[in-house]
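*Asks:* Would you mind keeping the following structure in view while I ask a few things?
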Amino acid sequence: TFKGIIGISPAGVTTFVSDLGGGGSISDKQLTKNCGILDLCEVGDAIMADKGFVISDLTTPKGIHLIIPPFKKKNKHYLQSDT
């Protein structure tokens, strides 16, 4: 298994494609850190990620807003975000 990161604009245009890496042994956080996508973001940009991507410690210091979809827990909706 290999992992990669793909960036897509709100208009649906592919804006970033990382190299594949890890062979399954690399964490999502390490892949995000190593691939360079955060270096292309500016203060105020937003990244949407799956709820498994626990990368707010990488995005918040750079002023990048991390948007994670809501998930259900005990019939209540919770939103994980760094707002």
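The values are calculated or read from the model by the stated rules, or taken from the named source; none is laboratory data. The model shown is predicted, which means the values in this text are computed figures rather than measured ones. Positions of Cβ are generated from backbone atoms using ideal geometry, with glycine treated the same way; all protein chains shown enter the neighbour counts. Just the protein is used for accessible areas: all its heavy atoms, side chains included, with ligands, DNA and RNA removed. Shrake-Rupley method; radii C 1.70, N 1.55, O 1.52, S 1.80 Å.
*Asks:* Collect the residues in the stretch 1-12 that are among the hydrophobic types (A, V, I, L, M, F, W, C) and open to solvent by 80 Å² or more (accessible area, probe 1.4 Å), keeping them in residue-number order. Steps first, please.
*Replies:* If we filter the stretch 1-12 for residues that are among the hydrophobic types (A, V, I, L, M, F, W, C), which is where we start, we get 2, 5-6, 8, 11.
Those that are among the hydrophobic types (A, V, I, L, M, F, W, C) and open to solvent by 80 Å² or more (accessible area, probe 1.4 Å): F2, I6, I8, A11.
*Asks:* Restricting to the stretch 1-31, name every residue that is within 22 Å of D57 (Cα to Cα), assigned to a loop (DSSP other than H, G, I, E, B) and in contact with a Gly (Cβ under 6 Å, 6 or more places away or on another chain).
*Replies:* S18
*Asks:* Read through the list (1) at pLDDT 90 or above; (2) of a type outside the set (D, E); (3) in a loop (DSSP other than H, G, I, E, B), then give the number of the only condition that K51 fails.
*Replies:* Among (1) at pLDDT 90 or above; (2) of a type outside the set (D, E); (3) in a loop (DSSP other than H, G, I, E, B), the lone unmet condition for K51 is (1).
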